[in-house]
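Colleague: Below is one structure. I have some questions about it.
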Amino acid sequence: MKPKQTIVHLPVYQPGKPIEEVKRELGLTEVIKLASNENPFGSSPKAREAIEKEIANISLYPDGGAVQLTEAVAEYLGVATNQLIFGAGSDEVILMLARAFLVQGDETVMASHTFPQYKHNCEIEGAVSIEVPLKDGTHDLDAMLAAINERTKIVWICNPNNPTGTMNTDREIKDFLAKVPSHVLVVLDEAYCEYNTTGEFPDSIELIGQYKNVIALRTFSKIYGLASLRIGYGIGHPDVIRSINQVREPFNTTRFAQAAALAAIKDQAFIASCREANTAGLAYLTQQFNEMGLEAFPAHGNFIMVNVGRPAADVFNGLLRRGIIVRGGHMLGFPTSIRVTIGSSEQNEKFIAALQQVLAEVAVQA
């Protein structure tokens with residue numbers, strides 16, 4: 001039995017180490033996970049209440065069209081209901097995009113260091129991934145534009161970018177879109193957009209109104225704190241959304257996810273409080289890194305990538321032994337950096353104390 005040739009070379013996605021596994025392996029009683037960009041403040045209490053009420057319907061299939069949730073999100077964003085599609089996390093929307101638009105031999109353009117599921121899903125479909133190097137940790141839109149040709153079907157822009165945390169501004173994205181051929185679909189992956197406070201973040205809803213070939217992806221996994229429920233969505237032109245819907249699996253989002261997301265989108269006070277706390281935490285870590293003489297990319301999500309000047313694997317393991325889980329840059333193409341999720345103030349302080357200890361022990365990279 002042979003799998004199709006387009007998948008035999010693909011790596012299996014490696015998530016951050018689970019808390020319980022680290023406790024068991026290292027005999028620790030307290031572990032802080034700052035590796036997967038989860039919300040340290042959890043989710044809205046209203047979302048939890050909605051899940052509890054939905055337990056009574058556990059034997060029933062979910063609404064295949066997520067009608068109530070679609071109406072609520074459409075109202076919140078100011079778009080039509082036929083401009084939305086939901087998936088098991090925005091990951092599944094990425095999968096559906098690749099399935100709907102790519103065939104063997106197509107080309108797709110993305111950054112060299114970005115969310116790996118773009119390349120993963122595109123290559124499953126037999127498409128060729130053109131990876132354009134980042135410029136100062138940010139998408140080089142001019143170089144990406146130059147990589148587009150008649151075979152290009154999709155361009156992926158992760159904004160803010162994972163893993164670097166950097167951002168392309170509204171002006172940069174507008175200038176880029178004005179030059180992209182209309183036959184090329186541009187995907188703006190905005191998983192972390194709700195954390196942005198710069199005033200320069202692209203207005204993707206406005207852009208979707210101007211360009212039929214633009215789709216934005218968002219998720220309830222990050223600031224909304226519903227990561228375990230796996231629910232995200234895409235926003236685009238009705239024709240694009242219809243094409244994606246044609247490859248969507250039936251009942252692809254659960255009753256619990258829909259109910260929790262419906263409650264969460266209505267509790268923007270909770271979101272505002274999380275954004276405020278994240279901004280404070282990001283400022284604290286940035287200041288600490290500066291005082292330690294460490295350089296970090298400008299961060300615009302709920303994580304920051306910092307160059308520790310030492311082998312990332314050594315720093316990762318040193319922090320792990322102290323009960324702090326981060327994401328090692330050696331797994332992300334940044335051999336002397338680590339990516340750290342912004343935690344609560346207590347978690348951030350414990351991380352900095354542990355990092356100072358580890359850096360004192362690990363030799364500087366020559």
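The values are calculated or read from the model by the stated rules, or taken from the named source; none is laboratory data. Since this is a predicted model, take the numbers as computed values, not measurements. Heads up, the Cβs are rebuilt from the backbone with ideal geometry, glycines too, and the neighbour counts pull from every protein chain shown. The protein model used for the area step is the full one, side chains on, heavy atoms only, and it has no ligands, DNA or RNA in it. Shrake-Rupley method; radii C 1.70, N 1.55, O 1.52, S 1.80 Å.
Colleague: Can you give me the distance in nm between label points at residue 99 and residue 29, each placed 7 Å from the Cα along the Cα-to-Cβ direction?
Modeller: The two pseudo-label positions are separated by 4.7 nm.
Colleague: Need the full-extension length gain, residue 174 to residue 228, defined as separation in residues times 0.36 nm minus the C-alpha distance. One decimal, nm. Don't skip to the answer; put the middle values down first.
Modeller: Values: separation 54, 0.36 × 54 = 19.44 nm, distance 3.41 nm.
The span from residue 174 to residue 228 would gain 16.0 nm if fully extended.
Colleague: Determine the shape class of segment 285-360: with a ≥ b ≥ c the square roots of the Cα gyration tensor eigenvalues, call it rounded for a/c under 1.5, and otherwise prolate if a/b is greater than b/c, oblate otherwise. Intermediate results must be reported in sequence, preceding the final value.
Modeller: Numbers: a/c = 1.28, a/b = 1.06, b/c = 1.21.
Judged from the Cα gyration tensor, segment 285-360 comes out rounded (a/c under 1.5).
Colleague: Among the chymotrypsin sites (Phe, Trp or Tyr not before Pro) in segment 1-105, which ones are in a DSSP loop with at most 12 other Cβ atoms within 10 Å of the Cβ? Mind listing them?
Modeller: Working: sites: 13, 41, 76, 86, 101; in loops: 13, 41.
Hits after loop and neighbour filter: 13.
Colleague: Per 0.36 nm of contour for each residue apart, how much would the distance between residue 247 and residue 10 grow if the chain were fully extended, relative to their Cα-Cα spacing? Walk me through the numbers on the way to the answer.
Modeller: On the way: separation 237, 0.36 × 237 = 85.32 nm, distance 2.23 nm.
Once the chain is fully extended between residue 247 and residue 10, it gains 83.1 nm.
Colleague: While we're looking at this one, here's another question. Going 7 Å from the Cα of residue 356 in the Cα-to-Cβ direction, what parts of segment 274-310 have a backbone nitrogen less than 13 Å from that spot?
Modeller: Within reach of a label on residue 356, which here means backbone N under 13 Å from a point 7 Å along Cα→Cβ, segment 274-310 contributes 288-293.
Colleague: Checking the a/c ratio against 1.5 first, then a/b against b/c, what shape does the Cα gyration tensor give for segment 1-149?
Modeller: Details: a/c = 1.68, a/b = 1.24, b/c = 1.36.
It comes out oblate by the Cα gyration axes.
Colleague: On to the next question. Looking at segment 81-193 only, what percent of DSSP beta bridges run antiparallel? Nearest 5 please. Don't skip to the answer; put the middle values down first.
Modeller: Details: 1 of 14 bridges.
The antiparallel fraction comes to roughly 5 percent.
Colleague: Still on this structure, please answer the following. Antiparallel versus total DSSP beta bridges in the chain: what percent is that, nearest 5? Let's see the in-between values first.
Modeller: Details: 18 of 37 bridges.
Given both bridge residues lie in the chain, the antiparallel proportion sits at roughly 50 percent.
Colleague: Return the loop-located trypsin sites (Lys or Arg not before Pro) in segment 135-196 (DSSP other than H, G, I, E, B) with at most 16 other Cβ atoms within 10 Å of their own Cβ; answer none if there are none.
Modeller: Working: sites: 135, 151, 153, 171, 174, 179; in loops: 151, 179.
Hits after loop and neighbour filter: 151, 179.
Colleague: On a 1.4 Å probe surface of the protein chains, which of 60, 332, 185 comes out largest in accessible area, and what is the full order?
Modeller: Working: 60 95, 332 40, 185 10 Å².
Ranking 60, 332, 185 by accessible area, largest first, yields 60, 332, 185.
Colleague: To continue, here is another question. Please check the chain for the longest run free of GluC sites (Glu not before Pro) that are loop-located per DSSP (anything but H, G, I, E, B) and have at most 15 other Cβ atoms within 10 Å. Walk me through the numbers before you get to the answer.
Modeller: Numbers: sites that count: 30, 150, 200.
By the stated rule (loop sites, at most 15 other Cβ atoms within 10 Å), 201-366.
Colleague: Give the lysines whose C-alpha is closer than 22 Å to that of residue 53, dropping any in the same chain fewer than 8 places away, or say none.
Modeller: Of all the lysines, those that pass the test against residue 53 - Cα under 22 Å, at least 8 places apart if same chain - are 266.
Colleague: How far apart, in nm, are the 7 Å Cα→Cβ label points at residue 20 and residue 197?
Modeller: 3.5 nm
Colleague: Just checking my list [x] 66, 49, 44; [y] 56, 53, 53; [z] 62, 44, 42 against Cα extents along the principal axes in Å computed from this structure; which label fits?
Modeller: [y]
Colleague: Skip the ligands, DNA and RNA, and give the accessible area per residue of the chain with a 1.4 Å probe, whole Å².
Modeller: Values: 16370 Å² over 366 residues.
That works out to 45 Å² for each residue.
Colleague: Express the carbon and sulfur contribution to the solvent-accessible surface of the chain as a percent, rounded to the nearest whole number, probe 1.4 angstrom. Walk me through the intermediate numbers first.
Modeller: Working: 8480 of 16370 Å².
Of the solvent-accessible surface of the chain, carbon and sulfur hold 52 percent.
Colleague: Determine the shape class of segment 72-227: with a ≥ b ≥ c the square roots of the Cα gyration tensor eigenvalues, call it rounded for a/c under 1.5, and otherwise prolate if a/b is greater than b/c, oblate otherwise. Please list the in-between numbers first.
Modeller: Working: a/c = 1.36, a/b = 1.21, b/c = 1.13.
The shape class here is rounded.
Colleague: Here's another thing I want to ask about it. Among the listed pairs 2/212; 179/222; 46/350; 17/135; 23/350; 23/135, which have their C-alpha atoms separated by more than 28 angstrom in this model?
Modeller: Working: 2/212 39 Å; 179/222 32 Å; 46/350 30 Å; 17/135 30 Å; 23/350 17 Å; 23/135 38 Å.
From the list (2/212; 179/222; 46/350; 17/135; 23/350; 23/135), the Cα-Cα distance tops 28 Å for 2/212; 179/222; 46/350; 17/135; 23/135.
Colleague: Same structure again: What is the magnitude of the charge dipole of the chain about its Cα centre, with +1 placed on the Cβ of each Lys and Arg, -1 on the Cβ of each Asp and Glu, and no other charges, expressed in debye to the nearest 20?
Modeller: Values: 32 positive and 41 negative charges, 152 e Å.
In total the dipole reaches around 720 debye.
Colleague: Could you list the square roots of 5 times each eigenvalue of the Cα gyration tensor of segment 81-150, that is, the equivalent ellipsoid semi-axes, sorted largest first and rounded to whole Å? Present the calculation step by step, with values, prior to reporting the outcome.
Modeller: Working: eigenvalues 97, 48, 28 Å².
That gives 22, 15, 12 Å for the three semi-axes.
Colleague: Next question. State the answer as a single residue: which of 115, 318, 215 lies farthest towards the positive end of the charge dipole of the chain, with beta carbon charges of +1 for Lys and Arg and -1 for Asp and Glu, about the Cα centre.
Modeller: Toward the positive end, the furthest listed residue is 318.
Colleague: As a test of the formula, what do you get for the chain when each DSSP H run with n ≥ 4 contributes -39,500 (n - 2.57) and the sum is divided by the residue count, at 222 nm and rounded to the nearest 500 deg cm²/dmol?
Modeller: Values: 13 runs with 141 residues, N = 366.
Per the formula, -11500 deg cm²/dmol.
Colleague: Another one. Per q in 0.25 Å⁻¹, report the Debye log10 I(q)/I(0) for segment 238-338, using one uniform scatterer on each alpha carbon and no solvent.
Modeller: Normalising to I(0) and taking log10 leaves -1.26.
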